[in-house]
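Let me give you the structure first, and then I'll get to my questions.
Readers should treat all values here as calculations from the given coordinates under stated rules, not as data from a laboratory. Fair warning: this is a prediction, and the values are worked out from it, not measured in the lab. When we count neighbours, we look across all protein chains shown, and the Cβ atoms used for this are built from the backbone with ideal geometry, even at glycine.
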Amino acid sequence: MPLYIVEHRHDADRCPAGDPKMAPFLLQLLSPAAAKTRGVNIHAEAVERGGHHLYVIVDSANEQQVREYLAPFGQAGTLRVVEASTCEDVVHRGAC
């Protein structure tokens, strides 16, 4: 399945981490079990320390499926989804 990097940013004053309703919902959304039910496999997720910038690495059948699944993050800021490759795939192709 294609690999994707998802990037979400939001302003400090719109940070969902402090919202008692939104924070648990988004955390549940990022659970591997919840993602699998929507055809998305989460490989990793991380938030920039002290920032408001989330990265998620997933694979899925197509980009639209990823966008639809992680759309709630777009309510608090931006959501960018780009197709990606592993370093191993890049080396085998001989180019990025």
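Given +1 on the Cβ of Lys and Arg, -1 on the Cβ of Asp and Glu, and no further charges, what dipole in debye does the chain carry about its Cα centre, rounded to the nearest 20?
Here the size comes out at about 180 debye.
Then there is this: Can you compute the helix-only [θ] at 222 nm over the chain? Use -39500 (n - 2.57) per DSSP H run of at least 4 residues, normalise by all residues, nearest 500 deg cm²/dmol.
Counting only the DSSP helices, I get -9500 deg cm²/dmol.
Can you tell me how much longer the chain between MET22 and THR37 gets when fully stretched, taken as 0.36 nm per residue apart minus their C-alpha distance, in nm with one decimal?
3.4 nm
Right, something else. Where in the range 34-69 are there GluC sites (Glu not before Pro) that are in a DSSP coil and have at most 16 other Cβ atoms within 10 angstrom of their Cβ?
Values: sites: GLU45, GLU48, GLU63, GLU68; in loops: GLU48.
Qualifying residues, ordered by number: GLU48.
Taking neighbour Cβ counts within 10 Å as the exposure measure, how do LEU3, LEU79 sort from fewest upward?
LEU3, LEU79
Here's another thing I want to ask about it. Counting other beta carbons within 10 Å of each Cβ, put LYS21, LYS36 in order, fewest first. Walk me through the intermediate numbers first.
Details: LYS21 8, LYS36 11.
So the residues, fewest neighbours to most, are LYS21, LYS36.
More than 20 Å apart: what percent of Cα pairs in the chain qualify?
37 percent
Sequence-distant or interchain residues sharing an amide H contact under 5 Å with HIS53, placed H: which?
Here GLU48 satisfy the definition.
Right, something else. When only Cα pairs under 8 Å and 6 or more residues apart are kept, what is the percent relative contact order across the chain?
44 percent
Here is a follow-up. If each residue's Cβ is checked for other Cβ atoms within 10 Å, how do SER31, SER60 rank with the fewest at the top? Mind showing how you got there, number by number?
On the way: SER31 11, SER60 22.
Fewest to most other Cβ atoms nearby, the residues stand as SER31, SER60.
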